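Below you'll find the structure, written out as structure tokens, and then a few comments.
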Amino acid sequence: MQAADTANDIAIIPAPVELIRRSGDYTLTGTTKIVARPGSGSEAEFLAARLRAPTGFALPVVGGNATDGCIELLVDRSLETALGHEGYRLSVNAHGVRIRASSRAGLFYGGITLCQLLPSAILSAQRVPQPARWTIPCVDIEDRPRFSWRGLLLDPARHFLPPEFIKKFVDVMAFHKLNTLQLHLTDDQGWRIEIQKYPRLTQIGSVRSESPRKGDRKQGDGTPYGPFFYTQKQIRELVAYAQDRHVTLVPEIEMPGHFLAALAAYPEYSCRGGPFAVRTRWGIEPDILCPGNDAAVGFVTDVLGEVTELFPSRFIHIGGDEAPRDRWKNCPKCQARMRAEGLAKEAQLQTWLNHRLEKFLASRGRRMIGWDEILEGGLTPDAVVMSWRGTKGGIAAAEAGHDVIMSPTTHCYFDYAQARGPQEPECIGGWIPLEKVYEFEPVPPTLAEDKRRHILGAQGNLWGEYMWTPQDVEYFAFPRAVALAEVVWSPSQSRNLGDFLGRLRRHLGRLDRLGVNYRKLDQR
Ligand code: ACM
Ligand code: ZN
């Protein structure tokens, strides 16, 4: 191990709320036991499994009381007031390690912090050859997240991402205490989730005849793409895998726009009737769902019904962005609906549709999220807004008493370039360097004090047009997602770019161990 990688060098990301360094250290040995107190569930076993592989120690998980030298995990509901649902206390002294939390999530995060106090070799999947000393500095840490929504978005619709990669990504997210992964499962260019009632969605919608050519996006590449989709069994496995790591998978089913893959399979739910083919270029499709047609509204609610069966997430994302409403202007059914419902503008027809979706989701105990375009025709009563065209929409929604997730193109679009210059890979455009992400403030200073609680958190989006492989996704995601993790977890007053970059340099050694294809830091 290198000198910079000793355990005395504390570099925790995201920075904890409070960290007190004590003198001395604790060493993990072949006789260390992990004591799982009642209520700690599988967290002790999870931590043990993580530590066993690199150390080769037995690390038995036992019940009963703490003993000298042990690592103890304890749930104490009374800590909820001090630590919230996800916070933890971690104390390390020469005689042992104790992690306390009000819930299993807190124990999990305490375990992550413990791993970051150990040499980065602890993240190795294989036994690390001796002589590695598994030493942890003595500390008292109290920690809890600033926001409840600490998110990233993946886009398997544009380029499919295999389930094994989603699992790896969830692992890396959890290692940064990120807890929400939005899956953009459907778009003009592909439908990627099995829906049993409508098999053509994946039979037809998960295949496109070609894709934009790499390096020349206006041309086609002449290569059929697909069928690529997640089966319901795979979705269930992914949901369970993420749950074990305290990550919620939030499905996004786009409607009424970005919907051409569905219309290629079921053209009768469009305004014009088709036929359509799954889109082979990036960009926005003019043909969208026909909300004038009761059967089309039934179709999308059926789809959401199956989706809510698969995903336990309280939040379900219905997209709602970039839906050109021109087809509705010329559609007799849409115009009849508008007259019957007294709607003056097409934007209000989108709100009418959202109302149906929101009520349907509420009947299943869920809440609807949409991109900020859902403000245009008036928000439905319980809609949650994901603000992407800047923070304006988010501010308006929060002021009207709606919950908001901030994901503006100015700071959170991780498909934009990280640096300028010919060495960077092709991308959609834009420029959001690491430092810019780090300086993001999810709560706009102009927002009234009593409305600030409506900002649930923030999310970085990895739109997939120019990410052909999982390695590409990792390159665009990291280390920017590391900066976002600190933005959404750590107190705003403790944010310090220089300090963060110092910790990040050491943290990259951990990403190496995790096999993440991150972008190297610029030499300075
Ligand atoms: C979006 O980037 N169209 C939400
Ligand atoms: Zn119509």
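The values are calculated or read from the model by the stated rules, or taken from the named source; none is laboratory data. In this text the structure is predicted, and so the values were computed from the model without any measurement. Using ideal geometry, Cβ is built from the backbone for each residue, glycine included, and neighbour counts are taken over all protein chains shown.
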Legend entry - From L249, L263, residue being in a helix (DSSP H, G or I) and touching a residue at least 12 places away in the same chain (Cβ under 8 Å): L263
Inset, instruction - Look at A58 and say whether it is loosely packed, with under 14 Cβ neighbours inside 10 Å, in contact (Cβ under 8 Å) with a residue 60 or more places away in the chain and either closer than 16 Å to G110 by Cβ or out of contact with any helix residue (DSSP H, G or I) (no Cβ under 7 Å at 6 or more places or on another chain) (or both). - result: no
Inset, instruction - Give me a count of the residues in the range 333-348 that are out of contact with any Phe, Trp or Tyr (no Cβ under 9 Å at 6 or more places or on another chain) and within 8 Å of ligand 2 (Cβ to nearest atom). - result: 1
Inset, instruction - Considering (1) among the hydrophobic types (A, V, I, L, M, F, W, C); (2) within 14 Å of ligand 1 (Cβ to nearest atom); (3) surrounded by fewer than 24 Cβ atoms within 10 Å (Cβ to Cβ); (4) under 24 Å from P445 (Cα atoms), say which one I405 fails and leave the rest. - result: (3)
Inset, instruction - Give just the number: which of (1) surrounded by 15 or more Cβ atoms within 10 Å (Cβ to Cβ); (2) at pLDDT 95 or above does G39 not satisfy? - result: (2)
Inset, instruction - Check R503 against each of (1) within 16 Å of ligand 1 (Cβ to nearest atom); (2) part of a helix (DSSP H, G or I) and name the one condition it does not meet. - result: (1)
Inset, instruction - Name the single residue, out of those in the range 382-392 being assigned to a loop (DSSP other than H, G, I, E, B) and free of Cβ contacts under 8 Å to residues at least 60 places away in the same chain, that is farthest from ligand 2 (Cβ to nearest atom). - result: T391
Inset, instruction - Could you tell me which numbered condition S270 fails, if it satisfies all but one of (1) farther than 22 Å from E465 by Cβ; (2) within 13 Å of ligand 2 (Cβ to nearest atom); (3) out of contact with any Asp or Glu (no Cβ under 6 Å at 6 or more places or on another chain)? - result: (3)
Inset, instruction - Please verify whether the range 285-308 includes one or more residues that are at pLDDT 95 or above, within 16 Å of ligand 1 (Cβ to nearest atom) and surrounded by fewer than 16 Cβ atoms within 10 Å (Cβ to Cβ). - result: yes
Inset, instruction - Go through the residues of the range 309-332 one by one and say whether even a single one is in a helix (DSSP H, G or I), more than 16 Å from ligand 2 (Cβ to nearest atom), surrounded by fewer than 18 Cβ atoms within 10 Å (Cβ to Cβ) and at negative phi. - result: yes
Legend entry - Residue selected from the range 79-134 under the condition part of a helix (DSSP H, G or I) and among the aromatic types (F, W, Y), by the criterion nearest to K33 (Cα to Cα): F108
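Please go through the range 451-510 and pick out each residue that is of a type in the set (K, R), more than 26 Å from C427 (Cα to Cα) and touching a residue at least 40 places away in the same chain (Cβ under 8 Å).
The first filter runs over the range 451-510 and keeps only residues of a type in the set (K, R), leaving 451-453, 480, 495, 503, 505-506, 510.
Keeping just the survivors that are more than 26 Å from C427 (Cα to Cα) gives 451-453, 495, 503, 506, 510.
Matches in the range 451-510: K451, R452, R495, R503, R506, R510.
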Inset, instruction - Could you list, in sequence order, all residues of the range 349-381 that are over 12 Å from H402 (Cβ atoms), more than 16 Å from ligand 2 (Cβ to nearest atom), part of a loop (DSSP other than H, G, I, E, B) and among the small types (G, A, S)? - result: G365
